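The numbers here are math on the coordinates, done by the rules we state, and not lab data. These figures come from a predicted structure and were not determined experimentally. We place every Cβ from the backbone using ideal geometry, glycine too, and count neighbours over all the protein chains shown.
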């Protein structure tokens, strides 16, 4: 009887140890799984960073031409001799990338309120244009459709006034300005950049945005845009020059600003590495970062 009792206890101990072993094994497997996912994530991010380094070298040693960069130094690495900077998606280093010259985006440092107003709300375009002007100027004199301190004190219960300084900090600040719909701004939040140039680069600007920039109909836009879509940039330039736009050389251009918004997305197994950054390539072909943001 005693032997049976002892045997029973031993079996219970063995069963308990077995359960503990299974439990610890499951924890170990879970930790291995987590470690594997972290490793995959790091490899995906490293791949994205490698691609960014390639783009930095490519842009700082290549030649800028209208809507692309030409560089044959990396052909041995299967990097194409031409990379477009008009926002189209490409594959470099087995990674998805998109590069946009800042001239095709909204520049927060020299924000074109008229252009932004036409795109956000054509009916309130003048309100948005004048309000942005009043927001960044340093006086108290209100434009016809704009707003100054008194207006913002009333709508915010004395929480804020017009900023009165050039350079919008971010899109959240834009949402504070009279006439601007926060939801519509959020829809184009990736189309803003800080850059040293105020010109619209017509060589890279999207077809839809081109209509608002030039303030023309869809039919006329399609006619002017046709040479660019066919790769005939000279024909495109000639078509626009025929419009004889006042102050054209001050407001518009065809040459890249050399401030590039770079969006990179790499994959490794089920992990994704993302880098969204802006790089500035100096005219002496010396590159440096102005802003970098990593999204995990």
Below 8 Å, C-alpha to C-alpha, sequence gap of six or more: please give me the relative contact order for the stretch 35-172 in percent. 13 percent
Ranking 183, 164 by Cβ neighbours within 10 Å, fewest first, what do you get? 183, 164
Among 178, 184, 244, 258, which comes first, then next, by fewest other beta-carbon atoms within 10 Å? 244, 184, 178, 258
At 0.36 nm per residue, and after removing the present C-alpha to C-alpha distance, how many nm does the segment from residue 248 to residue 36 gain when stretched out fully? 70.7 nm
Using the Cα atoms of the stretch 116-190 to build a convex hull, what is its mean projected area in square nanometres? 4.8 nm²
Spatial separation of Cα centroids for the stretch 67-106 and the stretch 191-255, in angstrom: 20 Å
Could you order peptides 102-112, 56-66 by the average number of other Cβ atoms within 10 Å of their residues, highest first? 102-112, 56-66
If R₀ is 30 angstrom, what is the calculated FRET efficiency for the pair residue 82 and residue 123, using the beta carbon separation as r and rounding to 0.05? 0.15
Counting other C-beta atoms within 10 Å, which of 88, 261 has the fewest, and how do the rest follow? 88, 261
Over the stretch 27-112, what is the relative contact order in whole percent, taking alpha-carbon pairs under 8 Å and six or more residues apart? 16 percent
Values of log10 I(q)/I(0), in the order q = 0.26 Å⁻¹, for the stretch 226-267 under a Debye, Cα-only, solvent-free model: -0.97
With r defined as the distance between the Cβ atoms of residue 150 and residue 239 and R0 fixed at 51 Å, what FRET efficiency is calculated, to the nearest 0.05? 0.65
